[in-house]
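Quick notes on the structure that follows.
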Amino acid sequence: MYNIYQSSRRKDIQYTVYAKPSITIHLFDTDYAATVKEKKVGPFAIRWIQIMWVELPDDENYVREELERIKSLLKKDFWTVFFQLWLINEITHFDNVTHRSGEQKEEIKKQRLQMQQWLIEKYNLHLAFRENMPQSNIIYVVQKTDDELIAEMNSGCKERVKKWIKKWLQFREATVEEYELFYQKRCNLSSRKGFHPISEKDYHNLIQYMQKNDCGALFVAKKDDDIVAWSICVYDKDRITYLYGFSDRKYSKIGWHHFLKFKIFGRAREQGIKTCDMMGGAPTWFPDHPLAGVSKFKESLGWTKIEVFGSYDVVLRPLLYWIMKMLYHRKK
């Protein structure tokens with residue numbers, strides 16, 4: 001799979017644009033850019049390390065040795081409580097078009113649960129309790145005609161896209177004046193939905209970075225005088241990656257975000273881009289997962305869903321880890 005998380009583009013955004021503290025960790029014969037997270041508790045700052053896009057080798061003894069080595073290294077700092085690995089080993093993948101009947105959902109769920117138990121027992125890992133990276137990803141091949149892309153959508157998505165094509169819904173890049181409006185609307189949505197948007201400073205740094213490097217855009221779908229759907233995407237080599245977006249809640253049931261994504265696919269194709277990465281979804285057949293609704297939308301557009309291992313914690317300080325976990329769930 002393509003790796004935006006350890007790419008130079010991602011590193012620029014994460015560490016230069018967002019100014020996230022980072023370190024380099026050598027693990028499994030690979031140098032990983034790892035993010036340092038921190039939480040203030042009174043006069044103390046407890047930390048954890050997040051290492052994204054890690055592939056476990058097949059050699060079980062080697063994996064155990066490497067994990068013990070990194071544990072010993074990070075334990076030198078008493079206030080580093082755990083490190084989190086986002087494991088991208090593939091469990092299975094399937095075409096959303098042919099799996100809409102749901103016949104294999106139970107089997108896919110069973111595979112995941114068995115794999116989780118195996119990782120916990122084999123390597124003494126813990127299922128990550130916070131800031132989980134997606135346990136699946138959804139990839140679209142955009143080097144297809146518009147008719148081929150529409151044919152791969154589910155029936156409801158097809159109807160919405162065709163409807164708004166006929167009604168000449170506008171699609172374009174946002175103007176400079178609309179950048180601030182996007183941020184304000186997304187903040188209003190986050191307060192109602194309970195998620196945290198990036199800071200205003202980080203948002204404007206991201207926009208400036210995309211403009212300076214000609215590597216992304218804020219796309220909008222507009223009906224009359226209203227912007228009804230928004231998406232921020234970045235380009236990296238032959239891939240376009242969806243970072244942030246939303247639909248105006250007044251129009252959320254009308255399907256304008258389906259139209260917006262369809263038009264983004266077409267724009268990417270014109271620029272010679274091959275695939276679109278939708279930045280993850282829920283694991284299959286876990287309807288209570290926080291990303292279940294988001295995943296349902298992304299899957300409705302078609303193409304391939306890839307199930308990966310997901311995020312696991314390696315605990316360095318058991319007592320502090322337990323306290324962090326209890327406080328996190330209480331706050332949540």
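Values in this text are rule-based calculations from the coordinates and carry no lab data. All values reported here derive from a predicted model rather than from experimental measurement. Because the Cβ atoms are built from the backbone with ideal geometry, glycine has one as well, and the counts that use them run over all protein chains shown.
Just for the Cα atoms in the range 73-212, what are the lengths along the principal axes, largest first, rounded to whole Å?
That works out to 58, 45, 32 Å along the principal axes.
Per-residue ellipticity at 222 nm for the chain, helices alone: DSSP H runs ≥ 4 residues times -39500 (n - 2.57), over residue total, nearest 500 deg cm²/dmol?
-12000 deg cm²/dmol
Calculate, in nm to one decimal, what Lys20 and Leu127 gain on full extension: separation in residues at 0.36 nm each, minus their alpha carbon distance.
36.1 nm
Restricting to Cα pairs below 8 Å that are 6+ residues apart, what does the relative contact order work out to for the chain? Please round to a whole percent.
Across the chain, relative contact order equals 27 percent.
Tell me which residues come under 5 Å, amide H to amide H, from Val97 once H is placed; ignore anything under 5 positions away on its chain.
Here the answer is Trp303, since their amide H atoms fall under 5 Å of that of Val97.
Roughly how many Å is it from the Cα centre of the range 38-113 to that of the range 257-315, as a whole number?
19
Could you run the Karplus curve 6.51 cos²θ - 1.76 cosθ + 1.60 with θ = phi - 60° over the range 239-245 and give me ³J(HN,Hα) per residue in whole Hz, x for Gly and Pro?
10, 10, 10, 7, 9, 9, x
Would you please calculate the Kirkwood hydrodynamic radius of the range 33-112 over all C-alpha pairs and express it in Å, rounded to one decimal?
With all distinct Cα pairs of the range 33-112 included, I get 15.9 Å.
Can you put Thr24, Thr284, Thr16 in order, fewest other beta carbons within 10 Å first?
Thr24, Thr16, Thr284
What number, in nm² with one decimal, is the all-direction average of the projected area of the convex hull of the alpha-carbon atoms of the range 124-187?
Across all orientations, the range 124-187 yields a mean hull projection of 8.6 nm².
Could you give me the ³J(HN,Hα) list for the range 151-166, computed from phi with Karplus coefficients 6.51, -1.76, 1.60 and θ = phi - 60°, whole Hz, x at Gly and Pro?
Rounded to whole hertz, the list is 4, 8, 7, 6, 4, x, 5, 4, 4, 5, 5, 4, 4, 7, 5, 5.
Considering every pair of different Cα atoms, what Kirkwood radius, in Å, is found for the chain?
Over the chain, the inverse of the mean reciprocal pair distance is 21.5 Å.
Any chance you could list the semi-axes, whole Å, largest first, of the equivalent ellipsoid that the Cα gyration tensor gives for the range 1-146, using √(5λ)?
Here the semi-axes work out to 30, 21, 15 Å.
So, in nm, how far is label Glu177 from label Lys296 when the simple model puts each one 7 Å beyond its Cα toward the Cβ?
3.8
For the residue pair Tyr328 and Glu55, what label-to-label distance in nm results when each label sits 7 Å from Cα along the Cα-to-beta-carbon direction?
2.7
Stokes-Einstein diffusion coefficient for the range 143-273 at 4 °C in a medium of 1.567 mPa s, Rh from the Kirkwood formula over Cα pairs: what value in µm²/s?
Translational diffusion coefficient: 84 µm²/s.
Order these peptides, 101-108, 264-271, by their mean beta-carbon neighbour count within 10 angstrom, highest first.
264-271, 101-108
Give me the distance in nm between label points sitting 7 Å out from Cα along the Cα-to-Cβ direction at Ser190 and Asp202, one decimal.
Those two pseudo-labels are separated by 0.7 nm.
Sort Arg69, Arg186, Arg130 by Cβ crowding within 10 Å, fewest neighbours at the top.
By the 10 Å Cβ count, ascending: Arg69, Arg130, Arg186.
In the structure displayed, which of Lys166/Lys223; Lys105/Lys298; Lys11/Lys76 lie more than 19 Å apart, Cα to Cα?
Those over the limit are Lys11/Lys76.
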